Amino acid sequence: MKSLLLLSILAALAVAALCYESHESMESYELYPFLNRRNANTFMSPQQRWRARAQERVRESTKPAYERNREACEDFGLCERYAMVYGYDAAYNRYFRQRRGEK
(Lines give C-alpha, C1' and ligand atoms only; values in the text may rest on other atoms or scores of the structure.)
Protein backbone atom coordinates (compact mmCIF):
# COMPACT_ATOMS: atom_id res chain seq x y z
CA MET A 1 0.00 0.00 0.00
CA LYS A 2 2.87 2.35 0.81
CA SER A 3 4.51 1.68 -2.53
CA LEU A 4 1.21 2.36 -4.36
CA LEU A 5 0.81 5.66 -2.52
CA LEU A 6 4.43 6.60 -3.24
CA LEU A 7 4.03 5.65 -6.90
CA SER A 8 0.86 7.73 -7.26
CA ILE A 9 2.55 10.75 -5.66
CA LEU A 10 5.54 10.40 -7.97
CA ALA A 11 3.21 10.08 -10.96
CA ALA A 12 1.30 13.20 -9.90
CA LEU A 13 4.57 15.13 -9.52
CA ALA A 14 5.75 13.93 -12.93
CA VAL A 15 2.48 15.02 -14.55
CA ALA A 16 2.67 18.40 -12.84
CA ALA A 17 6.28 18.91 -13.93
CA LEU A 18 5.70 17.86 -17.54
CA CYS A 19 2.45 19.72 -18.02
CA TYR A 20 3.59 23.01 -16.50
CA GLU A 21 3.25 25.76 -19.07
CA SER A 22 5.59 28.66 -18.69
CA HIS A 23 4.27 31.87 -20.11
CA GLU A 24 7.64 32.94 -21.50
CA SER A 25 6.42 32.73 -25.06
CA MET A 26 3.01 34.15 -25.80
CA GLU A 27 3.10 33.83 -29.61
CA SER A 28 0.50 31.10 -29.56
CA TYR A 29 -1.97 33.41 -27.83
CA GLU A 30 -1.74 36.20 -30.41
CA LEU A 31 -4.87 36.83 -32.41
CA TYR A 32 -3.08 37.02 -35.77
CA PRO A 33 0.31 35.29 -35.51
CA PHE A 34 1.04 35.44 -39.26
CA LEU A 35 1.14 38.34 -41.66
CA ASN A 36 -0.78 38.27 -44.88
CA ARG A 37 1.04 38.54 -48.22
CA ARG A 38 0.30 42.21 -48.64
CA ASN A 39 1.92 43.17 -45.32
CA ALA A 40 4.77 40.65 -45.33
CA ASN A 41 7.47 43.02 -46.57
CA THR A 42 6.23 46.25 -45.05
CA PHE A 43 8.83 46.18 -42.30
CA MET A 44 11.46 47.15 -44.90
CA SER A 45 11.14 50.38 -46.79
CA PRO A 46 11.67 50.31 -50.59
CA GLN A 47 14.95 52.20 -50.07
CA GLN A 48 16.23 49.49 -47.70
CA ARG A 49 15.16 46.74 -50.10
CA TRP A 50 16.99 48.44 -52.96
CA ARG A 51 20.10 48.82 -50.82
CA ALA A 52 19.96 45.16 -49.75
CA ARG A 53 19.68 44.01 -53.37
CA ALA A 54 22.60 46.22 -54.38
CA GLN A 55 24.75 44.86 -51.55
CA GLU A 56 23.88 41.30 -52.57
CA ARG A 57 24.95 42.03 -56.16
CA VAL A 58 28.23 43.50 -54.92
CA ARG A 59 28.82 40.47 -52.69
CA GLU A 60 28.15 38.12 -55.61
CA SER A 61 30.51 39.97 -57.93
CA THR A 62 33.34 40.27 -55.40
CA LYS A 63 33.39 36.69 -54.17
CA PRO A 64 36.82 35.27 -53.48
CA ALA A 65 38.20 32.84 -56.02
CA TYR A 66 37.99 29.87 -53.67
CA GLU A 67 34.26 30.47 -53.16
CA ARG A 68 33.60 30.59 -56.92
CA ASN A 69 35.70 27.44 -57.37
CA ARG A 70 33.79 25.68 -54.62
CA GLU A 71 30.42 26.59 -56.13
CA ALA A 72 31.52 25.35 -59.54
CA CYS A 73 32.66 22.11 -57.96
CA GLU A 74 29.42 21.68 -56.00
CA ASP A 75 27.41 21.88 -59.22
CA PHE A 76 29.35 18.98 -60.76
CA GLY A 77 28.64 15.65 -59.05
CA LEU A 78 31.96 13.93 -59.70
CA CYS A 79 33.88 16.96 -58.49
CA GLU A 80 31.82 17.14 -55.32
CA ARG A 81 32.42 13.46 -54.53
CA TYR A 82 36.15 13.89 -55.16
CA ALA A 83 36.09 16.95 -52.90
CA MET A 84 34.64 14.95 -50.01
CA VAL A 85 37.79 12.85 -50.01
CA TYR A 86 40.55 15.20 -51.16
CA GLY A 87 39.16 18.69 -50.56
CA TYR A 88 37.59 21.29 -52.84
CA ASP A 89 40.86 22.81 -54.00
CA ALA A 90 42.22 19.48 -55.24
CA ALA A 91 38.89 18.57 -56.82
CA TYR A 92 38.62 21.89 -58.64
CA ASN A 93 42.18 21.53 -59.91
CA ARG A 94 41.45 18.03 -61.18
CA TYR A 95 38.17 18.70 -62.96
CA PHE A 96 38.27 22.33 -64.06
CA ARG A 97 41.83 23.66 -64.28
CA GLN A 98 42.87 20.97 -66.77
CA ARG A 99 39.88 21.74 -69.00
CA ARG A 100 40.76 25.42 -69.26
CA GLY A 101 44.38 24.66 -70.07
CA GLU A 102 45.74 26.13 -66.84
CA LYS A 103 48.55 24.38 -65.07
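The values are calculated or read from the model by the stated rules, or taken from the named source; none is laboratory data. Fair warning: this is a prediction, and the values are worked out from it, not measured in the lab.
Take R53 and tell me if it is on the phi < 0 side of the Ramachandran plot and at pLDDT 80 or above.
Numbers: on the phi < 0 side of the Ramachandran plot: yes; at pLDDT 80 or above: yes.
Answer is yes for this residue.
Please verify whether the stretch 29-42 includes one or more residues that are at pLDDT 80 or above and not in a helix (DSSP H, G or I).
No.
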